[in-house]
Every structure is written in C-alpha cells, then in structure tokens.
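Please treat every number below as a calculation from the coordinates, not as lab data. Just so you know, these numbers come straight off a predicted model, no measurement behind them. So basically every Cβ, Gly included, is an ideal-geometry build from the backbone, and we count neighbours across all protein chains shown.
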Amino acid sequence: MEKNYKMKNKTLIKETLLNQLKTQIDSMYSSIEKKHENVVLDPNDTHDPEDFSQQDESSIMEDLFQQKINDKRKEYDLFLSIDFGPKDSIIPGAIVKTQRTTFVIGIATLPYDWDGERWMGISTKSPLYLHMHDKKIGDKFEFLNQEFEILTIY
C-alpha cells in the first residue's frame, strides 16, 4: 500500500511541476504578445526618430525574451522525458527525502510546501546534485556546511 501511495504521489508531483512550467511558458508568450503589440508602428501615423529607436529596442528585447521561452520549453521537454518510475539511488526522476528537505530530481524549483513538508526541485546541473548523485538510503552528504542524511528514495 505504501509503495502505491508513493508512486501516485510521485505522478501527481510530476504533473504539478509540469503544469507550473506550462503556466510559466504561457505567461511568457502572453507577455511577448503584449510587448509586440506596443512595438508595431502604424504606417499611416507620423513618426519621429525616437519612435523607430524604441521599435528597434523593443525588437531586441522581444528576441531575448523569445530565447528565454525557448530555454523554458527545452526544460519542459527534458522534464517530460524523465522516467519517474521507482528508484533506489539518486538519479533523475528520484524523489529523495532527507531530514531537512525532500528533493525532486530533474528540474529546478524554488522551495515549496507539499503535505506540510519542505520540498525543492533540483536540476542535474546543480552543485547540490553533484554531492548527492548515486547515493542510496542511509548515505550522508554535505552541502554548504550542512549535513544531509538520505531517509527515503522512491
């Protein structure tokens, strides 16, 4: 029963984080569309050089924002591809409970509360992940002068 609960919980956590990423992407698209509407100059209006300068600057900002959207989509696609099946060591798709925090391995998030506990998603590129990678239940690791003991991995 405990194993089924953990796997259902794991699926729900993955879906929740994917929905948060999708919301971020949608919000970014909405912002870029609003900015684009403000950039387009009406050819029938009279324009001064400052209008064209602002249009150029806005176009550059739009390109930079589009790059951020592309990066976020890649992050979404990568997280979507991670196998969240059962794990017995710390690899992508694992959920790792320590005495301090429960970690979701595969995507970076700000710390958040879930069922009254502190959770945080970490990327496999994060320095923290390098300290915990391939560890197993009962192992300990240190990060930023704090010791973590791995209580559960699933």
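Overview of results
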quantity: Likely footprinting exposure, Trp119, Trp114, fewest C-beta neighbours within 10 Å first; calculated: Trp114, Trp119
quantity: Sorted by Cβ neighbour density within 10 Å, fewest at the top, the residues Met120, Met132, Met61; calculated: Met61, Met120, Met132
